[in-house]
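The block underneath contains the structure these notes are about, expressed in structure tokens.
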2 protein chains.
Amino acid sequence: MNSESSRYSAAEVERFLTDAFVALGVPARDAGVVAGLMVKADLHGHDTHGIFRLKQYSARLRDGGTNARPTLSVIVDRDATAIVDGDNGLGHLAMLYATELAMEKAERHGIGWVGVRNGNHAGPASLYVGMPVERDMIGLYGAVGSANHVPPWGGTDLLLGTNPIAIAVPAGDEPPLILDMATTVAAAGKIKTLAQRGEAMPEGWMVGRDGKPLTDPSRQKEGFLLPIGGPKGYGLAMAIGLLAGTLNGAAFGKDVVDFTADTVSPTNTGQFFAAISVAAFADPDQFKRTVDAVFQDMRASPVLPGQDPVRIPGERSLAVFRERSVSGIPMHPNLVAVLRKTANELGVTPLAAIDGPA
Amino acid sequence: MNSESSRYSAAEVERFLTDAFVALGVPARDAGVVAGLMVKADLHGHDTHGIFRLKQYSARLRDGGTNARPTLSVIVDRDATAIVDGDNGLGHLAMLYATELAMEKAERHGIGWVGVRNGNHAGPASLYVGMPVERDMIGLYGAVGSANHVPPWGGTDLLLGTNPIAIAVPAGDEPPLILDMATTVAAAGKIKTLAQRGEAMPEGWMVGRDGKPLTDPSRQKEGFLLPIGGPKGYGLAMAIGLLAGTLNGAAFGKDVVDFTADTVSPTNTGQFFAAISVAAFADPDQFKRTVDAVFQDMRASPVLPGQDPVRIPGERSLAVFRERSVSGIPMHPNLVAVLRKTANELGVTPLAAIDGPA
């Protein structure tokens with residue numbers, strides 16, 4: 001965030017998002033749920049997966065690509081597994097349903113694994129994997145990315161997304177581990193943010209069709225995102241795509257709709273979510289003490305010259321959450337301008353900055 | 001494999017391994033099970049995870065680090081989850097038990113997730129994830145590596161292993177996807193093989209304590225393995241370690257025993273194995289036809305200049321399996337020499353090459 005950024009309170013951002021979704025035809029209760037999850041993403045520093053996405057969501061709601069009034073349902077249901085049909089509503093709704101159902105199943109059977117079909121972009125995975133942690137459960141999430149930016153290893157056809165994986169594990173006195181990662185070196189949202197800010201990408205994030213590094217984020221469509229570990233990241237993205245997409249009857253591979261470029265076609269986005277009850281394996285308090293000790297050992301490691309102290313995944317995001325909960329959510333002037341335009345189009349009261357109207 | 005390699009039939013390798021384990025006090029039935037799985041690893045081209053490991057396994061059985069006559073048990077058991085206690089026997093025995101139990105649970109409840117404690121090195125993950133595939137199930141595996149070669153990201157204390165993850169998905173006419181990957185750029189076994197052959201490592205596999213590339217595999221102990229995607233691979237290795245180790249009451253972090261250097265201490269190795277029944281989500285035949293189509297689309301992609309055609313993870317290994325099933329398993333002269341020494345020590349008939357005694 002540069003120094004020109006204004007700050008916005010979580011309550012005001014949530015108010016604005018709720019108003020915007022209601023203006024787009026989303027029922028008030030659903031609008032509030034999605035707005036609450038989006039604000040939580042911004043509070044945690046996931047700047048590319050919170051209010052930043054309103055423009056995309058509103059374009060799709062407006063143009064009919066996303067269903068403003070979905071009816072969610074469970075279409076197959078076994079003791080420990082199910083598929084939730086999101087009825088092409090805002091993706092957060094189906095993911096929240098799937099998360100709650102997985103936790104209920106884990107409570108009863110040790111684990112619950114719930115797939116989503118007819119979902120949509122649902123914000124950062126950490127929103128969902130963080131929920132079972134509050135109940136002494138482990139969370140596990142995978143998704144088919146909302147556009148294909150990656151070819152199969154060695155190839156040039158864009159058939160894979162950044163297909164993220166997320167895992168959260170509860171701790172005791174320590175903050176939980178919350179890992180939320182794209183299987184590409186860079187996430188698509190990060191590149192969108194750099195493009196909006198007019199900043200360059202580091203080498204290693206993308207290559208062009210000539211195989212050479214691509215660093216101008218506005219030329220994103222001319223190249224490919226690189227998977228982590230080369231063929232390993234390709235393999236992970238494939239496996240996650242089959243589990244989150246194909247297994248649930250959701251899109252994967254050439255059926256994936258570019259969520260940004262196409263605002264009228266249902267995406268049939270697929271995700272999977274698993275909750276694992278720690279109590280099915282161990283005494284939760286004992287488990288959490290052991291996790292604390294592991295994290296403390298990691299953090300006590302001496303560091304390589306010039307490196308920051310060792311961090312546990314999720315630690316930085318928690319620090320951002322604490323700071324933003326007090327000081328508000330900073331937004332880049334370019335984002336503020338986009339949101340002001342959206343407010344005008346929808347006829348809702350624009351966002352007011354903490355230190356006065358933006 | 002260089003041209004000096006001799007070839008050995010699968011039956012002869014299995015005979016030799018069974019004899020060796022029996023000579024080390026392993027009951028004949030268990031010896032046969034482990035030998036069969038080890039030969040399967042070699043047939044599939046996992047040269048670092050088959051007979052290559054006999055030297056380590058026999059040292060630990062001889063010195064008491066591994067229990068030759070374990071009694072396996074299930075210590076916690078919910079509908080869809082369990083922990084198997086491997087009683088410090090050869091790791092293949094507990095992993096096979098866990099795999100079978102997970103498949104049984106998946107059959108009844110949609111998914112089965114089974115952890116292992118008091119296990120040991122169990123060969124390649126692909127051995128196990130390939131089993132549910134034969135029953136129209138998906139396999140998922142993670143393990144705490146059998147020695148710590150990796151510091152937490154930015155640090156220098158060796159607290160993490162190569163903690164592998166494996167995922168297998170059934171297909172129809174196409175071969176299944178079988179992904180089996182270390183979360184480091186290179187697997188420890190690959191480095192052991194290069195050291196045995198006297199060959200150098202590529203840059204990017206390891207760095208020294210000065211942060212500079214390390215390419216001499218015999219100097220492995222002076223440096224660190226690098227995780228895939230930097231902090232992402234570190235996060236994955238942590239999450240896998242917590243799920244495969246800590247959750248099961250198995251070792252993770254500073255409690256990990258170096259399986260090679262220490263031949264007397266129980267390792268308390270932990271793994272997890274999940275089986276997911278495709279039938280709990282979809283019609284298996286329809287699912288497998290869709291998977292076939294996805295794989296065919298990937299393989300039809302044009303390639304970057306100088307690249308091989310796109311492959312599906314597991315495809316190369318299957319080709320090796322077919323070739324070696326006919327022509328036998330090639331072994332490097334250095335490995336053959338080690339095995340001859342082991343045969344002498346144990347008083348068992350040495351391996352006979354296909355074209356005469358090696």
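The values are calculated or read from the model by the stated rules, or taken from the named source; none is laboratory data. Just so we're clear, the structure is a prediction, and the values are computed from it rather than from any experiment. For neighbour counting, all protein chains shown are included, and Cβ atoms are generated from backbone atoms with ideal geometry for every residue, glycine included. When the accessible area is computed, the model is the full protein with side chains, heavy atoms only, and any ligands, DNA or RNA have been set aside. Shrake-Rupley method; radii C 1.70, N 1.55, O 1.52, S 1.80 Å.
If you check every pair at least six apart or on different chains, which have Cβ atoms under 8 Å apart with a residue in the stretch B:112-134 that is under 16 Å from residue B:83 (Cα atoms) and not assigned by TED's automatic domain parsing to the domain that holds residue B:259 first and a residue that is open to solvent by less than 10 Å² (accessible area, probe 1.4 Å) and charged (D, E, K, R) second?
Between residues of the stretch B:112-134 that are under 16 Å from residue B:83 (Cα atoms) and not assigned by TED's automatic domain parsing to the domain that holds residue B:259 and residues that are open to solvent by less than 10 Å² (accessible area, probe 1.4 Å) and charged (D, E, K, R), there is no close pair.
Under 8 Å by Cβ, and 6 or more places apart or on different chains, what pairs join a residue from the stretch B:296-308 that is under 18 Å from residue A:238 (Cα atoms) and among the hydroxyl-bearing types (Ser, Thr, Tyr) with one that is open to solvent by less than 70 Å² (accessible area, probe 1.4 Å) and in a loop (DSSP other than H, G, I, E, B)?
B:301/A:151; B:301/A:152; B:301/A:156; B:301/A:157; B:301/A:159; B:301/B:310
Could you tell me whether residue B:240 is assigned to a helix (DSSP H, G or I), under 22 Å from the mean Cα position of the chain (by Cα) and within 10 Å of chain A (Cβ to nearest Cβ)?
So residue B:240 fits the description; yes.
Output the residues belonging to the stretch B:230-253 that are of a type outside the set (Lys, Arg), open to solvent by 10 Å² or more (accessible area, probe 1.4 Å) and without any contact (Cβ under 8 Å) to a residue 40 or more places away in the chain.
B:246
Given the structure, is residue A:28 free of Cβ contacts under 8 Å to residues at least 12 places away in the same chain and out of contact with any Leu (no Cβ under 7 Å at 6 or more places or on another chain)?
yes
Taking residue B:155 as meeting all but one of (1) facing chain A (nearest Cβ under 8 Å); (2) in contact (Cβ under 8 Å) with a residue 60 or more places away in the chain; (3) not basic (Lys, Arg), write down the number of the exception.
Of the numbered conditions (1) facing chain A (nearest Cβ under 8 Å); (2) in contact (Cβ under 8 Å) with a residue 60 or more places away in the chain; (3) not basic (Lys, Arg), the odd one out for residue B:155 is (2).
Within the stretch B:284-324, work out how many residues are facing another protein chain (nearest Cβ under 8 Å), open to solvent by 40 Å² or more (accessible area, probe 1.4 Å) and more than 14 Å from residue B:171 (Cβ to Cβ).
Counting residues in the stretch B:284-324 that are facing another protein chain (nearest Cβ under 8 Å), open to solvent by 40 Å² or more (accessible area, probe 1.4 Å) and more than 14 Å from residue B:171 (Cβ to Cβ) gives 7.
Any residue that is β-branched (Val, Ile, Thr), over 20 Å from residue A:191 (Cβ atoms) and crowded, with 24+ Cβ neighbours inside 10 Å - is there at least one of those in the stretch A:89-100?
Yes: one or more hits.
When you go through B:53, B:108, B:78, B:62 one by one, which is the residue that is away from every other protein chain (no Cβ under 14 Å) and open to solvent by 20 Å² or more (accessible area, probe 1.4 Å)?
Unique residue meeting the criteria: B:62.
Please state which one of B:193, B:184 is under 20 Å from residue B:121 (Cα atoms), touching a His at 6+ places or on another chain (Cβ under 9 Å), open to solvent by less than 10 Å² (accessible area, probe 1.4 Å) and of a type in the set (Ser, Thr, Tyr).
Of B:193, B:184, the one residue that is under 20 Å from residue B:121 (Cα atoms), touching a His at 6+ places or on another chain (Cβ under 9 Å), open to solvent by less than 10 Å² (accessible area, probe 1.4 Å) and of a type in the set (Ser, Thr, Tyr) is B:184.
Looking for whichever is in contact with a helix residue (DSSP H, G or I) (Cβ under 6 Å, 6 or more places away or on another chain) and open to solvent by less than 40 Å² (accessible area, probe 1.4 Å) here; the options are A:256, A:278. Which one fits?
A:278
What number of residues within the stretch A:9-29 satisfy the criterion of being farther than 14 Å from residue A:53 by Cβ and not small (Gly, Ala, Ser)?
Residues in the stretch A:9-29 being farther than 14 Å from residue A:53 by Cβ and not small (Gly, Ala, Ser): 9 in total.
Could you list, in sequence order, the residues of the stretch A:325-336 that are hydrophobic (A, V, I, L, M, F, W, C) and open to solvent by 50 Å² or more (accessible area, probe 1.4 Å)?
A:326
Which condition number does residue A:44 fail, the rest of (1) touching a residue at least 24 places away in the same chain (Cβ under 8 Å); (2) touching a Ser or Thr at 6+ places or on another chain (Cβ under 8 Å); (3) surrounded by fewer than 23 Cβ atoms within 10 Å (Cβ to Cβ) being met?
Looking at each condition in turn, residue A:44 falls short on (3).
Does at least one position in the stretch A:211-229 carry a residue that is assigned to a helix (DSSP H, G or I), open to solvent by 50 Å² or more (accessible area, probe 1.4 Å) and under 18 Å from residue B:314 (Cα atoms)?
No, the stretch A:211-229 has no match at all.
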